[in-house]
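Asks: Let me begin by handing over the structure; questions about it come next.
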């Protein structure tokens, strides 16, 4: 197993566990056990839990945003497509809300530069930056029809 495969396995395990049980409730040993990655490699790929949390949230944000854009892009009404996509997401059996809000609720706003908190502030996730995107798309669609 190389570092890239280890990273993927660790992020898969972290995403499932952090989202289901919470960041503070999940220790690195549990992530190691779930991922099957040896402890030494885990700490080589992610030297601290903070770096794993940051990588988990970045990846989740990238996937979430890409999925949302894909659902709305090319839709007859992009704004309605966003609401349909959100309704599907809210209906998932394992839905536990926004991962960023959950992390913030657990960990608070503190964190060193480069941490998940600075990433979240930069991205303004959980609906603070993306609503302007469907509106711009809709304006473009309405004016080009």
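The values are calculated or read from the model by the stated rules, or taken from the named source; none is laboratory data. These numbers were taken from a predicted model, which means no experiment stands behind them. Positions of Cβ are generated from backbone atoms using ideal geometry, with glycine treated the same way; all protein chains shown enter the neighbour counts.
Asks: With the requirement that a residue be more than 17 Å from the chain's Cα centre (by Cα), at pLDDT 75 or above and either assigned to a helix (DSSP H, G or I) or under 16 Å from residue 68 (Cα atoms) (or both), what does the stretch 89-136 give you?
Replies: Listed by number, the list holds a single entry, 91.
Asks: Out of all the residues in the stretch 2-58, which are touching a helix residue (DSSP H, G or I) at 6+ places or on another chain (Cβ under 6 Å), loosely packed, with under 15 Cβ neighbours inside 10 Å and not in a loop (DSSP other than H, G, I, E, B)?
Replies: 3, 39
Asks: Mind checking which pairs have a first residue in the stretch 46-75 that is at negative phi and a second that is part of a loop (DSSP other than H, G, I, E, B) and surrounded by fewer than 17 Cβ atoms within 10 Å (Cβ to Cβ), Cβ under 8 Å, 6 or more apart or different chains?
Replies: 50/112; 54/114
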